[in-house]
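Peer 1: Input: one structure, supplied below.
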Ligand code: TEU
Ligand code: CA
């Protein structure tokens, strides 16, 4: 019987490059993580997910792997990693690693060999097709990073497929040897003590190998998505992979990133046959984008509530959710869904309440527990991210679009917003590094930083600690049933969580305005406050027979119904 420890866990996501530098080169590393294990233990998280640490030329910060069995030198050695895993385990935390196997780096020896040598056994590790001509790729698919999804290689007189940057050629999962190789790589890391995997864009591994042209009507965001998103063959590949590993390692977690997955896709991944234990679905993360992420719009709270509720209850609550409000690919949640100017702390605490009172496994992105805000970028040269730079080149350099307008968009939606260094203290470079960080540091580290927040009982950090502790105390918050109240309210998010032990009422005012006359459910029963981000509310502490309450701007309360 599998233990399913992740159902009771809070996961913390570490973006290694920006977490903590230990050797003064301005880049976060494994030594830095080791230094901060006590911080993570005090926060109360149960597991960490580390973004990729395998050898890489870093075109996409580790999401382009050059050697799947080596640690990136910049981050440390294999021995450092072993020490780190050991220390996490000693402190009662699990270690989940990012496995990037939809594609490799173009500098991987497999790809290098495939390019050079026609008879290479690695030829078939990648996806090659003849084009209509040297300039005309096999079909009209676009990559996620603003280019065509095909790049021509003169040596082979063929194009290879890459759904991301051209330096990230897609691996050919049709090939049995490749599939076995992937299982072996994963076994290699399991032998090192890894407790599970976050499988990068795993929903894209199966492709329609007839490679039809995409059509605007049936594709999402980019041309071609219908022919490679969450296809039946992907489910088969995952079942096979799982079978290869489960007999030896039956206590590991598989978290799959499945862009564009619907609840029905999720059901197949999680509930039918052993494939994934939870998915990372992108629907909520697209709520403030128009047809694609580069056309931002105001997030509609009602739509947000609908999306969350749908995922909480669909298929009779059988789909185990991962809950997250941001990650290294998204802007900071407080800048995006809260009010990072007038109500930064209060709205960050509200978002913490939301994250940690939903059903599923919450994932905290590093720095959100401090209420960190979006980066401060003024010039394209300050951006590092390949996606952002490609978009800039396409729009400003090639299409001659107005630079200021494009700058405005990228400073709002660029992935670099959440990749600025962790703000540990008010010391030089926020205590992240003794030397200049690899990416521009937020100047607000003098106010927003872990050392200051640790001392302040009312800080965002201490609120996160309390929320995590509450979740640990009440199984109701982890696995209890979810039921939404007030679905039509324009700014208030309100729901019950319930199991045999207790019923909790969560109520969140996601706006800058006070709201009056919110109906209190179950008027006859007394309600005791478990946690709140509102100082006046905390003074009162309970509701006796009130039928209505008013909520202050960004107020978040969790009540236990007696
Ligand atoms: O991201 C996958 C993904 O779907 C991206 O398109 C994501 O939506 C985009 O970055 C948002 O702008 C994963 C990783 O999380 C990301 O860091 C990698 O760049 C990408 O895969 C390729 O490996
Ligand atoms: Ca370093």
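Peer 1: Under the 0.36 nm per residue contour assumption, what length would be gained going from the current alpha-carbon distance of residue 208 and residue 291 to full extension?
Peer 2: 27.5 nm
Peer 1: How would you order 115-123, 155-163 from highest to lowest mean count of nearby Cβ atoms within 10 Å?
Peer 2: 155-163, 115-123
Peer 1: Restricting to Cα pairs below 8 Å that are 6+ residues apart, what does the relative contact order work out to for the chain? Please round to a whole percent.
Peer 2: Reported as a whole number, the value is 12 percent.
Peer 1: Next question, about the same structure. Tell me the relative contact order for the range 281-427 as a rounded percent, counting alpha carbon contacts under 8 Å between residues six or more apart.
Peer 2: 26 percent
Peer 1: Quick one: length gained pulling residue 267 to residue 394 fully straight, 0.36 nm per residue minus the C-alpha distance?
Peer 2: Here the segment from residue 267 to residue 394 would lengthen by 42.0 nm.
Peer 1: Okay, next question. Listing 445, 260 from the residue with the fewest other Cβ atoms within 10 Å to the one with the most, what is the order?
Peer 2: By the 10 Å Cβ count, ascending: 260, 445.
Peer 1: Let me ask something else about it. Work out how much length residue 488 to residue 183 would gain on full extension: take 0.36 nm times their residue separation and subtract the Cα-Cα distance, in nm to one decimal.
Peer 2: Using 0.36 nm per residue and subtracting the Cα-Cα distance, I get 105.1 nm.
Peer 1: How big is Rg to Rh over the range 11-76, alpha-carbon atoms, Rh as the Kirkwood inverse-mean-distance radius?
Peer 2: That ratio is 0.99, to two decimals.
Peer 1: Label residue 513 and residue 119 with points 7 Å out from Cα along Cα→Cβ: what is the distance between them in nm?
Peer 2: That separation, rounded to one decimal, is 7.6 nm.
Peer 1: Let me ask you something else. May I ask you to derive the relative contact order of the range 356-423, considering only C-alpha pairs under 8 Å and at least 6 residues apart, and to give it as an integer percent?
Peer 2: That works out to 43 percent.
Peer 1: What are the principal axis extents of the Cα atoms in the range 199-257, in Å, biggest first?
Peer 2: In descending order, the Cα extents are 44, 21, 12 Å.
Peer 1: I've got another one for you. Mind putting together the pair-distance distribution for the range 423-562? All Cα pairs, 10 Å bins, whole percent per bin, short to long.
Peer 2: With a bin width of 10 Å, the distribution comes to 11, 33, 28, 17, 10, 2, 0.
Peer 1: Between helix 78-90 and the chain, what is the angle of the helix's C-alpha long axis to the longest principal axis, kept within 0 to 90° and rounded to the nearest 10?
Peer 2: With rounding to tens, the tilt is 30 degrees.
Peer 1: Sticking with this one: Quick check: the angle from helix 301-313's long axis to the longest principal axis of the chain, C-alpha only, nearest 10 degrees?
Peer 2: Helix 301-313 and the main axis of the chain meet at about 80 degrees.
Peer 1: Further question: At 0.692 mPa s and 37 °C, plugging the Kirkwood radius over alpha-carbon pairs of the range 322-398 into Stokes-Einstein gives what diffusion coefficient in µm²/s?
Peer 2: 235 µm²/s
Peer 1: Let me ask you something else. What is the distance, in nm, between label points placed 7 Å from the Cα along the Cα-to-Cβ direction at residue 403 and at residue 481?
Peer 2: Going from the residue 403 label point to the residue 481 one covers 6.0 nm.
Peer 1: Dividing the alpha-carbon Rg of the range 88-233 by 2.2 N^0.38 Å yields what?
Peer 2: Normalised by 2.2 N^0.38 Å, the Cα Rg of the range 88-233 equals 1.15.
Peer 1: Starting from the alpha-carbon convex hull of the range 232-384, give the projected area averaged over all orientations, in nm².
Peer 2: 11.3 nm²
Peer 1: Hey, another quick one. Any idea what % of Cα-Cα pairs in the range 29-115 are farther than 17 Å?
Peer 2: Considering the range 29-115, 50 percent of its Cα-Cα pairs are separated by more than 17 Å.
Peer 1: Given the chain, what percent of its DSSP beta bridges are antiparallel, to the nearest 5?
Peer 2: Here the antiparallel bridges make up roughly 60 percent for the chain.
Peer 1: Give me Rg over Rh for the chain, both radii from the alpha carbons and Rh done the Kirkwood way, two decimal places.
Peer 2: 0.96
Peer 1: Out of all DSSP beta bridges with both ends in the range 1-106, state the antiparallel percent to the nearest 5.
Peer 2: 20 percent
Peer 1: Simple spin-label model, 7 Å along Cα-to-Cβ: residue 3 to residue 240 in nm?
Peer 2: 3.1 nm
Peer 1: Something else now. Determine the distance separating the Cα centre of the range 95-132 from the Cα centre of the range 56-73; give it in Å without decimals.
Peer 2: 14 Å
Peer 1: Measure out, as a whole number of angstrom, how far apart the alpha-carbon centroids of the range 483-562 and the range 444-463 sit.
Peer 2: 26 Å
Peer 1: Another question, then. To test your reading of the geometry: what angle, between 0 and 90 degrees and rounded to tens, separates the Cα axis of helix 232-246 from the longest principal axis of the chain?
Peer 2: For 232-246 against the chain, the angle is about 80 degrees.
Peer 1: Given R₀ = 41 Å, FRET efficiency for residue 299-residue 435 by Cβ-Cβ distance, to 0.05?
Peer 2: It comes out at approximately 0.65.
Values quoted throughout were computed directly from the atomic coordinates according to the rules given, and no laboratory measurement underlies them. A quick note: this is a predicted structure, and the numbers were derived from the prediction, not measured. Glycine also receives a Cβ, built like all others from the backbone with ideal geometry; neighbour counts cover every protein chain displayed.
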